[in-house]
Amino acid sequence: MADTITAHISDLQGSALAVAIDASGHHLIGDEPIEQGGANKGPTPFDLLNSALGACSAMTIRWYAERKGWPLNHVNVEIDYRKTMRAGEPAPTSHFTKHIDIVGPLLTPEQRAKLLDVAERCPVHQVLTGKIEIETVAVNR
């Protein structure tokens, strides 16, 4: 994996909040729902975050099963995200729930358990549960 992965995001005409996203040559649109002031032209930033976690989990499970030669037919991942405020805490806690459906009638219970364990180690999961630093740099033109 490269040391730096860059995504380019710029505002998009047609919605007060829509953005054009260029990630590794793939083009996406992000926006907010109409009730939040957007035009609902694309997924919200949290939709994209959920999707990143789910996609990475599914890909990691498939990669591991393929590497081991295990009879995995299909994997479905659904991610729920919510914030909770706990008494005495200065900030809300972000909570992700991964619902993982592993389809493979010939998989053993041990193989299924290992695949769930592997999902915990997908790279996006590791980033979200690890130490994160975000630096903001102004570019003046």
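If you stretched the chain out fully between R62 and A87, how much longer would it get, using 0.36 nm times the residue separation minus the C-alpha to C-alpha distance? Please list the in-between numbers first.
Numbers: separation 25, 0.36 × 25 = 9.00 nm, distance 3.99 nm.
Result: 5.0 nm gained on full extension.
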To the nearest 10 degrees, how steeply does helix 45-68 sit against the main Cα axis of the chain, on a 0 to 90 scale? 30 degrees
Per-selection Rg to Rh, region 1-91 - Cα, Kirkwood hydrodynamic radius: 1.09
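Using 1/(1 + (r/R0)^6) with R0 = 30 angstrom and r between the beta carbons of F46 and E110, what's the FRET efficiency to the nearest 0.05?
Numbers: r = 35 Å, r/R0 = 1.16.
That pair, F46 with E110, gives E of 0.30.
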Listed by chain and number, the aspartates and glutamates with an alpha carbon less than 17 angstrom from that of K114, same-chain partners under 8 positions apart left out, are E66, D101
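To the nearest 500 deg cm²/dmol, what mean residue ellipticity at 222 nm is calculated for the chain from DSSP H runs of n ≥ 4 alone, each contributing -39,500 (n - 2.57), summed and divided by the residues?
Values: 3 runs with 42 residues, N = 141.
Value at 222 nm, helices only: -9500 deg cm²/dmol.
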Cα centroid distance between region 55-113 and region 1-31, in Å? 26 Å
Computed label-point distance, nm, for sites N73 and E133 using a 7 Å Cα→Cβ extension: 4.8 nm
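Leaving out ligands and nucleic acids, note down the accessible area per residue over the chain with a 1.4 angstrom probe, in whole Å². Could you put the intermediate results ahead of the total?
Numbers: 10330 Å² over 141 residues.
I get 73 Å² per residue for this part.
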In a Gaussian network model over the chain where Cα atoms closer than 10 Å are linked, find which of A119, A18, A91 has the largest mean-square fluctuation. A91
May I ask you to give the percent of accessible area on the chain that is carbon plus sulfur, with a probe radius of 1.4 Å? 54 percent
Sorted by chain and then number, the residues having a modelled amide H within less than 5 Å of the amide H of S15, at least 5 places away or on another chain, are none
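Need one number for region 73-141: average projected area of the convex hull over its C-alpha atoms, nm². Intermediate results must be reported in sequence, preceding the final value.
Working: hull surface 33.4 nm².
Result: a mean projected hull area of 8.4 nm².
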State, to one decimal in nm, how far the label point of I9 lies from the label point of H26, with both points 7 Å from Cα in the Cβ direction. 1.6 nm
Could you work out how much longer the chain between S94 and I34 gets when fully extended? Use 0.36 nm per residue separation minus the Cα distance between them, nm to one decimal. 19.2 nm
Restricting to aspartates and glutamates and to Cα separations under 13 Å from K41, and discarding same-chain partners fewer than 8 apart, the set is D11, D31, E32
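The values are calculated or read from the model by the stated rules, or taken from the named source; none is laboratory data. Values in this document were obtained by computation on a predicted structure and should not be read as measured data. When we count neighbours, we look across all protein chains shown, and the Cβ atoms used for this are built from the backbone with ideal geometry, even at glycine. Each accessible area value is taken on the protein alone, full model and side chains, heavy atoms only, with ligands, DNA and RNA left out. Shrake-Rupley method; radii C 1.70, N 1.55, O 1.52, S 1.80 Å.
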